[in-house]
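Enquirer: Sharing a structure with you now.
The values are calculated or read from the model by the stated rules, or taken from the named source; none is laboratory data. Quick caveat, the model's predicted, so the values are computed rather than measured. All Cβ positions, even for glycine, are placed from backbone atoms using ideal geometry, and neighbour counts span all protein chains on display.
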Amino acid sequence: MPDPLNFLSLLTGSFATPAAENPTVAMIEAAYRHHGLDARYINCDVARDDLGDAVRGAWSMGWGGFNCSIPHKVAVIEHLDGLDDSAALIGAVNCVVRRADRWIGANTDGQGFLESLRTVVDPAGKSLVLFGAGGAARAIAVESALAGAASISVVNRDRNRGMELVALLNERTQTRADLVVWDTTFRVPEGSDIVVNATSVGLFPDVEARLNLDPDSLGPGMVVADVIPNPPRTRLLRDAQARGATVLDGLDMLVNQGVISILHWTGVDADPTVMRRKLEDLFEV
Ligand code: NDP
C-alpha cells in the first residue's frame, strides 16, 4: 500500500501528436487504481519540434518513464541514453524507462502483439503474411521472427519501406522474409498460418475501409489479427470470422503492451482484464 503521508506520485505518461484520441491513459490509470499504485499517467500532445524539451522536462520532473506514439517513435531515440535489444533491432521506441539514472528505450508493441497471438497460436515454425512495413509492422515482424516464425511475407505498397524490413529480417534474424509490392488485390496464399494487418487501414474514423485483399482467400485454419484498436471489430476481422478464421483484435495488443510498460515503470504485473474492460467500456464493445 502507498504511504498515506507520501504526496509524491510516480509520474508516467505519453508523448504524441495528435493525442486526444489515444485511450491509453484511461487503460493505464484503471490498472494503477486497481493495483492501489500511487502513480499517474499524463497524456501529452507534444509537437515534433518540442520532443527534446518534453523528454528533458520529464527527466527534470522525475518521471519514471513514458510512452511514445506517432510521430515520435524513431525521433525519440536521439534523446535517450540507450536502447534495449528489441528496440535496437526494431529501430523504434514506444516505451521509455528511467533505469539507474539513464533513459532507456524499449519497444513493447511487438511483445504485446505476441502475447496476444500466443493465446491462440505459437508463431514458432509458422508462416506469416504481414500487411504494412511501418512502426507497428516492424515491431511485430521482429518479435515474430525472434519467436521462431519460419517465414514472413511482407505485403506493402511502398517498395523501399518494404525492402528495408525484409532486409532487416533476413540479415538479423533466422526467419525467411520476402516482399510483395502491394499494387493489386492480394490473395493470401493457401497454407498461410497467420495473417496480420499492421497498416492503419480500418482505424477510426474510416471504419469501413477495406484492405486491398480478396477476403475469400481467408479461411479456417488461419489466425487473422488486426492491430487496429479503434474500432476493435474491423472489417478485416468480420470478413475473416465469416470465413471460419480465428480472429484477434487490436485491443489485446494495446492492453498487453500497456501491461509490459507498467511492469517496466512500477515492477507490478498488472491485471490485463481490468485494462481490457476499461477499453471495452469506452468503445462500447
Ligand atoms: P506507420 O505510419 O509507421 O505505418 C503505416 C503503414 O500502413 C505503412 O506500411 C503504410 O504503407 C500502410 N498503409 C497506410 N495506409 C494504407 C492503405 N490505404 N493501404 C495499404 N497500406 C497502407 O504507422 P504505425 O505502424 O505506427 O501504425 C499502424 C497502425 O497500427 C495504426 O493504425 C496504429 O493505431 C496501430 N497500432 C496499434 C497498436 C496496438 O497496440 N493495438 C500499437 C501500435 C500501432 P506504405 O509504407 O506503403 O505507405
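Enquirer: Would you pick out the residues in segment 212-258 that are in a loop (DSSP other than H, G, I, E, B) and under 19 Å from the mean Cα position of the chain (by Cα)?
Expert: 227, 228, 229, 230, 231, 232, 233, 234, 249 - these are the residues of segment 212-258 that are in a loop (DSSP other than H, G, I, E, B) and under 19 Å from the mean Cα position of the chain (by Cα).
Enquirer: Next question, about the same structure. Could you look through segment 206-248, keep only residues that are charged (D, E, K, R) and at pLDDT 95 or above, and pick out the one that is surrounded by the most Cβ atoms within 10 Å (Cβ to Cβ)?
Expert: The selected residue is 226.
Enquirer: Please find, within segment 132-186, the residue that is nearest to residue 77 (Cα to Cα) out of those that are of a type in the set (Val, Ile, Thr) and more than 10 Å from the ligand (Cβ to nearest atom).
Expert: Across segment 132-186, the extreme among qualifying residues is 142.
Enquirer: From the list 49, 81, 85, which one is in contact with an Asp or Glu (Cβ under 9 Å, 6 or more places away or on another chain) and surrounded by fewer than 18 Cβ atoms within 10 Å (Cβ to Cβ)?
Expert: 81
Enquirer: Just for segment 117-136: of the residues that are at pLDDT 95 or above and touching a helix residue (DSSP H, G or I) at 6+ places or on another chain (Cβ under 7 Å), which one is farthest from residue 164 (Cα to Cα)?
Expert: For segment 117-136, the residue satisfying everything is 123.
Enquirer: I need the full set of residues from segment 121-131 which are more than 11 Å from the ligand (Cβ to nearest atom) and not hydroxyl-bearing (Ser, Thr, Tyr), in order please.
Expert: Residues satisfying the conditions are 121, 122, 123, 124, 125, 126, 128, 129.
Enquirer: OK, next. Out of segment 33-60, which residues are in contact (Cβ under 8 Å) with a residue 12 or more places away in the chain and assigned to a helix (DSSP H, G or I)?
Expert: Passing the criteria: 34, 48, 51, 52, 54, 55, 56, 58, 59.
Enquirer: Regarding segment 61-75, can at least one residue be identified that is assigned by TED's automatic domain parsing to the domain that holds residue 21, in a helix (DSSP H, G or I), within 16 Å of the ligand (Cβ to nearest atom) and farther than 21 Å from residue 229 by Cβ?
Expert: Looking through segment 61-75, at least one residue is assigned by TED's automatic domain parsing to the domain that holds residue 21, in a helix (DSSP H, G or I), within 16 Å of the ligand (Cβ to nearest atom) and farther than 21 Å from residue 229 by Cβ.
Enquirer: Quick one: would you say residue 97 is in contact (Cβ under 8 Å) with a residue 12 or more places away in the chain and assigned to a loop (DSSP other than H, G, I, E, B)?
Expert: no
Enquirer: If you check 117, 146, which single one turns out to be closer than 30 Å to residue 20 by Cα and among the aliphatic types (A, V, I, L, M)?
Expert: 117
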